[in-house]
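Read-outs: derived from the displayed coordinates by stated rules, not from any lab. The shown structure was predicted, so the numbers you read here are calculated from the model rather than taken from an experiment. Cβ: placed from backbone, ideal geometry, glycine included. Neighbour counts: every protein chain shown.
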Amino acid sequence: MDSLVIGYGNDLRSDDGAGRAVADRVDELNLPGVAVRSVMQLTPELALEMAEVDTVVFVDASVEVSATTAEPVTAASPDPSAMSHYTTPATLLGMTATIGKVPATAVAISIPVTEMGLGMELTPMTEIGVDQAVVMVKELVTQ
């Protein structure tokens, strides 16, 4: 595989499932050379797959953005607590460096959210962000 798309979040908490919704939609596109993972949270095991690709795209919901954004990710020193619990894209890249090559391109796409309560439906604003994120992912992995 040339690229890995990792959509993460809790799809039982309304908009928090936006990253996984993007992963599911990208997976349905069957893009050549693109592996897709839909996960609840980032875990160290993903570093093994990341060491095998040139591009990794992380997709998650965020209360910190007001528009769908794509930002480069640089590796950070691995945090010992990340070995068994939630980690960040930057820390996961740092872990990847300890076991193999770091992807040449790493991008984090953030989708704005408003509703994080219990539920399985995305709000209209987040649905728009999911659509935008799918387009961004396609552009990143087909360059």
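Some notes on this structure:
- Odd one out for THR123 among (1) over 16 Å from the mean Cα position of the chain (by Cα); (2) surrounded by fewer than 16 Cβ atoms within 10 Å (Cβ to Cβ): (2)
For (1) surrounded by 23 or more Cβ atoms within 10 Å (Cβ to Cβ); (2) over 20 Å from LEU93 (Cβ atoms); (3) hydroxyl-bearing (Ser, Thr, Tyr); (4) without any contact (Cβ under 8 Å) to a residue 24 or more places away in the chain, each residue gets a yes or a no:
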{"site": "MET1", "(1), (2), (3), (4)": "no, no, no, no"}
{"site": "ILE6", "(1), (2), (3), (4)": "yes, no, no, no"}
{"site": "GLY9", "(1), (2), (3), (4)": "yes, no, no, no"}
{"site": "ARG13", "(1), (2), (3), (4)": "no, yes, no, no"}
{"site": "ALA21", "(1), (2), (3), (4)": "yes, yes, no, no"}
{"site": "GLU28", "(1), (2), (3), (4)": "no, yes, no, yes"}
{"site": "LEU31", "(1), (2), (3), (4)": "no, yes, no, no"}
{"site": "ALA35", "(1), (2), (3), (4)": "no, no, no, no"}
{"site": "SER38", "(1), (2), (3), (4)": "no, no, yes, no"}
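- Residue in region 85-98 that is touching a Pro at 6+ places or on another chain (Cβ under 9 Å), under 30 Å from MET120 (Cβ atoms) and either surrounded by fewer than 16 Cβ atoms within 10 Å (Cβ to Cβ) or of a type in the set (Val, Ile, Thr) (or both) present: yes
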